[in-house]
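Chemist: My questions all concern the structure below.
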Amino acid sequence: MPEEAEVVAAASPTPGNAAALAKKYGIPRAFLDYREMLREPDIEMVTITAPNHLHAQMTVDIANAGKHVVCEKPLAMTLEEADVMIDTCKQRVSC
């Protein structure tokens, strides 16, 4: 949906991965740490495509930064993690 959304950044903790993706697809910014990316005021939504065990912490961090979250399945490793993710999003942003 290029008329609806624009990819403005990519993040990966693996050196070179985000930069290579950004170069390949013309994404203007690349980060080694997603938390640094969350400080960017123009980023409104983050899609999490990280390993499953990282989903809960990333979702909480993203929501606490006031950004909308899209998370790949499975949502979380446990029901308790999922509950925390959902509760945090409800408190911080419109989910």
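Chemist: Considering only residues that are surrounded by fewer than 16 Cβ atoms within 10 Å (Cβ to Cβ) and either in contact with a His (Cβ under 9 Å, 6 or more places away or on another chain) or within 15 Å of residue 49 (Cβ to Cβ) (or both), which ones fall in region 21-32?
Modeler: Selection gives 21, 25.
Chemist: Here are some residues: 85, 45, 58. Which one is in contact (Cβ under 8 Å) with a residue 40 or more places away in the chain and not small (Gly, Ala, Ser)?
Modeler: 45
Chemist: Looking for something over 14 Å from the mean Cα position of the chain (by Cα) and without any contact (Cβ under 8 Å) to a residue 60 or more places away in the chain - is there at least one such residue anywhere in region 61-75?
Modeler: yes
Chemist: Here is a list: 35, 39. Which entry is among the charged types (D, E, K, R) and surrounded by 12 or more Cβ atoms within 10 Å (Cβ to Cβ)?
Modeler: 35
Chemist: Just give me the residues in region 50-91 being open to solvent by less than 30 Å² (accessible area, probe 1.4 Å) and part of a loop (DSSP other than H, G, I, E, B), in sequence order.
Modeler: 50, 67, 76
The values are calculated or read from the model by the stated rules, or taken from the named source; none is laboratory data. Everything numeric here is computed off the predicted structure, so don't read it as measured data. Cβ: placed from backbone, ideal geometry, glycine included. Neighbour counts: every protein chain shown. Keep in mind that these areas ignore ligands, DNA and RNA; they rest on the heavy atoms of the full protein, side chains included. Shrake-Rupley method; radii C 1.70, N 1.55, O 1.52, S 1.80 Å.
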